[in-house]
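S.K.: Quick one: the structure is below, and I'll ask about it shortly.
The values are calculated or read from the model by the stated rules, or taken from the named source; none is laboratory data. Since this is a predicted model, take the numbers as computed values, not measurements. Methodologically, a virtual Cβ is constructed for each residue, glycine included, from the backbone with ideal geometry; neighbour enumeration extends over all protein chains shown.
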Amino acid sequence: MGGFFGAALKRDAISDVFFGTDYHSHLAPRRGGMAAYDEKMGLQREIHNIGNSPFRTKFEHIFDEMKGMSAIGCISDSDPQPLLIRSNLGTYALCFIGAINNAEQLINQYLSFSGGHFDAMQGGKVNTTELLAAMINQKSTFTYGIRFAQQMINGTASILILKEDGHLIAARDRLGRLPVLLGKSEDGYCVSFESHAYQKLDFMDEKELGPGEIVEISAEEVVQLSPPGEEMHICSFLWTYYGYSTASYEGVNVETMRYRNGEIMAAQDEKTGANKGVDYVGGVPDSGTPHAIGYANKSHIPFARPFIKYTPTWPRSFTSTRQSQRNQIAKMKQIAVPDLIKDKNLLFVDDSIVRGTQLQETVDFLYENGAKAVHMRSACPPIMYGCKYLNFARSTSDMELITRRTILELEGEEGLKHLDEYSDSRTERGKAMRKAICDKFHFDSLEFQSIEGLVEAIGLKQCELCTYCLNGKG
């Protein structure tokens, strides 16, 4: 997915933006970038591949090479950014988070009337950040340009711009699928995807931008350029998986939401007796752990960590672009605690079940170490659709999802007409899908959080949440 951080201060901003951007490293594994503005040096920019090396190690030299009282940084899982753009609106640095699904259509449309061109990358692909800039530049002001771009985009675009006067422009995407927050200190203002990123830098919460809201930020003030819209569809998966535990979106903390989520699942299992005889509740580390803590607290079944992730050398399993290598890294990370596995009836809570590939490795690993039974709970409802609004699982076709594959095996194309039934554990189709996945992965039982339970755990209205990946309603 990705994230960004920017600051406009009365002092040098490079350190704040370096650390603030680094605090978004959990959101994307591919590229990092920074840009800064200094009165003497003008706009500066640097981009690095961070696929196999953390952001901080690739940018630790930045303090000697870049300076400015205004700067922006981004973590990206797509094209290199930020880009430096020279246009009718002036020279500026631009980055964004989200996804542009109709990029080819917009490129062709732009080329057909402008007589312009794009810098082509390998295979003729156009950097989507450059495409975004081209759309913004079609209007006479940044405000009109951003509004125009967001209206034209099929997808999502939250935007951060650093202008040549040192001011920042921040715009939350039109339907607020992603958060954009502002912080304030005695030295100025910052803008961030994650709230903890600026809190650790001694900024206080200032405000969270509303859907489609656009603001201009200087060291002295924040000026609203365009008011927020009334409709919001913030991504529900932020709380289930993507968000860092210390983050808060729309006033709802990620960690406490995950506790509530686990409690709701436990309460449901208590009603049906599905967790009877379980010796330990554990979380599939790391994002499944807080859901499991909530489950254990509610059920009064002891929480344990039957296996531990070895993170010093394997911090992220999704770094490699090769599925086989990701699977091998996932296996290398898991170290068993035999006393908590052998002859034990275990219940694990995972944040979600998408393809199921790595989960199969985990269950096999537990049985190899002597587990008597392995029950699985997903803190996320069954994922039925690949996300089309963000970059989550965008390389995954719907038929790569374990739910879709299983439904196809059970009922063929006819089953795809009944996805709502398969999602619901109370229906015959829902029960059949769960049993088939259990048989495939050797689970003793399997259940998913319901959409209603997820909404209750988050605490916002369902109409304010995007649940497209769960029920096709974005």
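S.K.: If I filter the range 314-338 down to residues being surrounded by fewer than 12 Cβ atoms within 10 Å (Cβ to Cβ) and part of a loop (DSSP other than H, G, I, E, B), which single residue comes out as modelled with the lowest pLDDT?
M.R.: Only one residue tops the list, namely Thr321.
S.K.: Then there is this: Consider only pairs whose beta carbons are under 6 Å apart and that are at least six residues apart or on different chains; among these, list those whose first residue lies in the range 451-465 and is touching a residue at least 60 places away in the same chain (Cβ under 8 Å) and whose second residue is of a type in the set (Lys, Arg) and surrounded by 14 or more Cβ atoms within 10 Å (Cβ to Cβ).
M.R.: Once the first residue is touching a residue at least 60 places away in the same chain (Cβ under 8 Å) and sits in the range 451-465, its partners that are of a type in the set (Lys, Arg) and surrounded by 14 or more Cβ atoms within 10 Å (Cβ to Cβ) give Ala457/Arg260.
S.K.: Related question: Do you know which residues across the range 368-416 are of a type in the set (Gly, Ala, Ser), at pLDDT 95 or above, assigned to a loop (DSSP other than H, G, I, E, B) and surrounded by 16 or more Cβ atoms within 10 Å (Cβ to Cβ)?
M.R.: Result: Ala371, Ala379.
S.K.: Right, next: Could you go through the range 152-169 and let me know if any residue there is modelled with pLDDT of 95 or more, more than 23 Å from the chain's Cα centre (by Cα) and crowded, with 23+ Cβ neighbours inside 10 Å.
M.R.: Scanning the range 152-169 turns up at least one residue that is modelled with pLDDT of 95 or more, more than 23 Å from the chain's Cα centre (by Cα) and crowded, with 23+ Cβ neighbours inside 10 Å.
S.K.: Then there is this: Which of the residues belonging to the range 39-89 are of a type in the set (S, T, N, Q) and within 27 Å of Lys125 (Cα to Cα)? Let's see the steps before the verdict.
M.R.: Applying the first criterion (of a type in the set (S, T, N, Q)) to the range 39-89 yields 44, 49, 52-53, 57, 70, 76, 78, 81, 87-88.
Across the range 39-89, the qualifying residues are Gln44, Asn49, Asn52, Ser53, Ser76, Ser78, Gln81, Ser87, Asn88.
S.K.: Let me ask something additional. For the range 183-226, what are the residues that are closer than 17 Å to Asp12 by Cβ and part of a loop (DSSP other than H, G, I, E, B)?
M.R.: Correct list: Glu186, Asp187, Leu201, Asp202, Phe203, Ser218, Ala219, Glu220.
One line per residue, one yes/no per condition, for (1) in contact (Cβ under 8 Å) with a residue 40 or more places away in the chain; (2) in contact with a Cys (Cβ under 9 Å, 6 or more places away or on another chain):
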position: Arg172; (1), (2): yes, no
position: Val180; (1), (2): no, no
position: Glu186; (1), (2): no, no
position: Val191; (1), (2): yes, no
position: Leu201; (1), (2): yes, yes
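S.K.: For the range 143-164, which residues satisfy the criterion of being more than 20 Å from Gly474 (Cβ to Cβ), touching a residue at least 12 places away in the same chain (Cβ under 8 Å) and out of contact with any helix residue (DSSP H, G or I) (no Cβ under 7 Å at 6 or more places or on another chain)?
M.R.: Answer for the range 143-164, where residues must be more than 20 Å from Gly474 (Cβ to Cβ), touching a residue at least 12 places away in the same chain (Cβ under 8 Å) and out of contact with any helix residue (DSSP H, G or I) (no Cβ under 7 Å at 6 or more places or on another chain): Thr143, Arg147, Leu160, Leu162, Lys163, Glu164.
Let's see how each residue does on (1) modelled with pLDDT under 95; (2) surrounded by fewer than 24 Cβ atoms within 10 Å (Cβ to Cβ); (3) under 30 Å from Arg147 (Cβ atoms):
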position	(1), (2), (3)
Met232	no, yes, yes
Cys235	no, no, yes
Trp239	no, no, yes
Glu250	no, yes, yes
Thr256	no, yes, no
Glu263	no, yes, no
Glu270	no, yes, no
Gly283	no, no, no
Ile293	no, yes, no
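S.K.: Okay, next question. Here are some residues: Glu411, Glu428, Glu421, Glu464. Which one is touching a His at 6+ places or on another chain (Cβ under 8 Å) and more than 30 Å from Ala247 (Cβ to Cβ)?
M.R.: Details: Glu428 fails: touching a His at 6+ places or on another chain (Cβ under 8 Å); Glu421 fails: touching a His at 6+ places or on another chain (Cβ under 8 Å); Glu464 fails: more than 30 Å from Ala247 (Cβ to Cβ).
Matching residue, one of Glu411, Glu428, Glu421, Glu464: Glu411.
S.K.: State all residues of the range 25-43 that are assigned to a strand (DSSP E or B) and surrounded by fewer than 20 Cβ atoms within 10 Å (Cβ to Cβ); if no residue qualifies, say none. Give the derivation first.
M.R.: Initially, the range 25-43 is screened for residues assigned to a strand (DSSP E or B), giving 31-38, 42-43.
Within the range 25-43, Asp38, Gly42 qualify.
S.K.: Please enumerate the residues belonging to the range 344-357 that are surrounded by fewer than 21 Cβ atoms within 10 Å (Cβ to Cβ) and modelled with pLDDT under 95.
M.R.: Arg355, Gly356, Thr357
S.K.: Now a separate question. What number of residues within the range 418-450 satisfy the criterion of being touching a helix residue (DSSP H, G or I) at 6+ places or on another chain (Cβ under 9 Å), without any contact (Cβ under 8 Å) to a residue 12 or more places away in the chain and part of a helix (DSSP H, G or I)?
M.R.: Number satisfying all stated conditions: 4.
S.K.: Just to verify a result, which residue in the range 95-135, among those that are in a loop (DSSP other than H, G, I, E, B) and among the hydrophobic types (A, V, I, L, M, F, W, C), is surrounded by the most Cβ atoms within 10 Å (Cβ to Cβ)? Please lay out each step first, then the result.
M.R.: Taking the range 95-135 as the starting set, the residues that turn out to be in a loop (DSSP other than H, G, I, E, B) are 101-102, 115-119, 121, 125, 127.
Within this subset, residues satisfying the condition of being among the hydrophobic types (A, V, I, L, M, F, W, C) are 118, 121.
Values: Phe118: 16, Met121: 12.
Ranking the qualifying residues of the range 95-135, first place goes to Phe118.
S.K.: State all residues of the range 455-474 that are part of a helix (DSSP H, G or I) and either touching a strand residue (DSSP E or B) at 6+ places or on another chain (Cβ under 8 Å) or closer than 13 Å to His233 by Cβ (or both); if no residue qualifies, say none. I'd like the intermediate steps shown before the answer.
M.R.: Step one: filter the range 455-474 for residues part of a helix (DSSP H, G or I), giving 455-458, 462-464, 468-471.
Once the filter is applied, which keeps residues that are part of a helix (DSSP H, G or I) and either touching a strand residue (DSSP E or B) at 6+ places or on another chain (Cβ under 8 Å) or closer than 13 Å to His233 by Cβ (or both), the range 455-474 yields Val455, Ile458, Gln462, Cys463, Glu464, Tyr468, Cys469, Leu470, Asn471.
S.K.: Would you check if Gly68 is surrounded by 20 or more Cβ atoms within 10 Å (Cβ to Cβ) and either part of a loop (DSSP other than H, G, I, E, B) or among the hydroxyl-bearing types (Ser, Thr, Tyr) (or both)? Outline the logic, then answer.
M.R.: Details: surrounded by 20 or more Cβ atoms within 10 Å (Cβ to Cβ): yes; either part of a loop (DSSP other than H, G, I, E, B) or among the hydroxyl-bearing types (Ser, Thr, Tyr) (or both): yes.
Here the answer is yes, as Gly68 does meet what is asked.
S.K.: Another one. Can you spot a residue in the range 280-298 that is touching a Gly at 6+ places or on another chain (Cβ under 8 Å), of a type in the set (S, T, N, Q) and over 24 Å from Ile341 (Cβ atoms)?
M.R.: Checked against the condition, which is being touching a Gly at 6+ places or on another chain (Cβ under 8 Å), of a type in the set (S, T, N, Q) and over 24 Å from Ile341 (Cβ atoms), the range 280-298 yields no hits at all.
S.K.: Say we look at the range 227-263 and pick out the residues that are in a helix (DSSP H, G or I) and of a type in the set (Phe, Trp, Tyr); which of these is nearest to the chain's Cα centre (by Cα)? Break it down into steps so the answer makes sense when it comes.
M.R.: Taking the range 227-263 as the starting set, the residues that turn out to be in a helix (DSSP H, G or I) are 237-242, 254-263.
Within this subset, residues satisfying the condition of being of a type in the set (Phe, Trp, Tyr) are 237, 239, 241-242, 259.
Working: Phe237: 7, Trp239: 9, Tyr241: 7, Tyr242: 4, Tyr259: 19 Å.
Selected residue: Tyr242.
S.K.: Determine whether Leu419 is more than 20 Å from Met232 (Cβ to Cβ), modelled with pLDDT under 95 and in contact with a Pro (Cβ under 9 Å, 6 or more places away or on another chain). Break it down stepwise before answering.
M.R.: Working: more than 20 Å from Met232 (Cβ to Cβ): yes; modelled with pLDDT under 95: no; in contact with a Pro (Cβ under 9 Å, 6 or more places away or on another chain): yes.
No, not satisfied.
S.K.: Could we say that Thr246 is touching a residue at least 60 places away in the same chain (Cβ under 8 Å) and either outside the structural domain of Ile136 (by TED's automatic domain parsing) or buried (at least 24 other Cβ atoms within 10 Å of the Cβ) (or both) here?
M.R.: Details: touching a residue at least 60 places away in the same chain (Cβ under 8 Å): no; either outside the structural domain of Ile136 (by TED's automatic domain parsing) or buried (at least 24 other Cβ atoms within 10 Å of the Cβ) (or both): yes.
The answer is no for Thr246.
S.K.: Might you let me know whether the range 305-313 holds any residue that is in the same structural domain as Ser423 (by TED's automatic domain parsing), at pLDDT 95 or above and farther than 24 Å from Arg31 by Cβ? Break it down stepwise before answering.
M.R.: To start, the set of residues in the range 305-313 that are in the same structural domain as Ser423 (by TED's automatic domain parsing) comprises 305-313.
Imposing the further condition that a residue be at pLDDT 95 or above reduces the set to 305-306.
In the following step, the residues that additionally are farther than 24 Å from Arg31 by Cβ were identified as 305-306.
Yes, because at least one residue in the range 305-313 is in the same structural domain as Ser423 (by TED's automatic domain parsing), at pLDDT 95 or above and farther than 24 Å from Arg31 by Cβ.
S.K.: Taking the range 28-48 only, how many residues are modelled with pLDDT under 90 and in contact with a strand residue (DSSP E or B) (Cβ under 8 Å, 6 or more places away or on another chain)?
M.R.: Going through the range 28-48, the residues modelled with pLDDT under 90 turn out to be 28-30.
Next cut, in contact with a strand residue (DSSP E or B) (Cβ under 8 Å, 6 or more places away or on another chain) only: 28, 30.
Residues meeting the conditions: 2.
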